[in-house]
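Have a look at the structure below, then the notes.
The values are calculated or read from the model by the stated rules, or taken from the named source; none is laboratory data. Everything numeric here is computed off the predicted structure, so don't read it as measured data. Cβ atoms come from the backbone with ideal geometry, glycine included; neighbour counts cover every protein chain shown.
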Amino acid sequence: MSTIFDESAATTRLAARLRAEREARGWTLADLATRSGVSRAMVSKVERGEASPTAALLGRLSAAYGLTLSQLFAQVEGGGRVTRVSEQPVWRDPETGFLRRSLSPPGGAPMELVWGELPPGAKVAYPAPAYSHIADQQVVVLDGVLVITQGNVAHDLASGDCLRFGPPQDTTFHNPGAVPCRYLVAVLRAADGTDARPTPVV
């Protein structure tokens with residue numbers, strides 16, 4: 001899947017959305033820093049567009065707002081019931097080069113589809129709170145290999161393999177291969193904003 005996007009414009013729109021979310025709640029920078037675990041100085045830089053947020057940082061901020069990452073990105077870009085590939089919001093993690101494309105049309109539906117591409121050798125870490133508003137999440141590898149580690153358990157996935165996530169834990173996506181790994185994520189948001197997944201049976 002080819003990806004052409006204006007990275008500077010995407011960062012500017014994301015910065016404005018993050019600030020709007022904070023102001024809509026009447027929070028100060030210090031309030032958000034306390035709730036998210038992200039320093040006040042970093043929050044300020046991100047909101048002013050002076051720093052590009054990493055995937056881990058966005059995970060913490062979206063969790064503080066009670067949003068999934070997909071919800072956050074959907075609010076950055078508008079749209080109708082169909083999102084053409086040229087209209088789908090794309091974001092690049094400045095730290096790892098990870099690409100994230102929101103496939104689902106915005107509009108508040110509980111199911112979200114996300115396409116990801118992780119460069120060779122890259123790792124992306126998400127804190128447990130980033131999954132606290134998700135009822136179910138599954139990942140299927142389209143190309144390459146992917147190691148997803150939840151807590152202390154690593155899952156080695158190859159093309160066609162699918163993993164269903166367990167309860168919220170610190171999670172790392174790692175591409176140990178020599179070529180980019182592409183995968184699809186299906187996310188079902190919890191109806192009441194809390195985690196609703198059953199503890200998996202071992």
When residues of the stretch 10-31 are limited to those that are under 26 Å from residue 99 (Cβ atoms) and polar (S, T, N, Q), the one surrounded by the fewest Cβ atoms within 10 Å (Cβ to Cβ): 12
Any hit, the stretch 159-176, residues being free of Cβ contacts under 8 Å to residues at least 24 places away in the same chain, assigned to a strand (DSSP E or B) and of a type in the set (S, T, N, Q): no
Flag if residue 47 is of a type in the set (Asp, Glu), in contact with a helix residue (DSSP H, G or I) (Cβ under 8 Å, 6 or more places away or on another chain) and modelled with pLDDT of 80 or more: yes
Residue that is surrounded by the fewest Cβ atoms within 10 Å (Cβ to Cβ), among those in the stretch 139-198 that are modelled with pLDDT under 95 and among the acidic types (Asp, Glu): 192
Enumerated helices (runs of 4 or more DSSP H) restricted to the stretch 14-122, each holding at least 3 residues that are farther than 28 Å from residue 145 by Cβ and over 16 Å from the mean Cα position of the chain (by Cα): 29-36, 40-47
Filter result for the condition that a residue is basic (Lys, Arg) and touching a Pro at 6+ places or on another chain (Cβ under 7 Å), over 48, 40, 60: 60
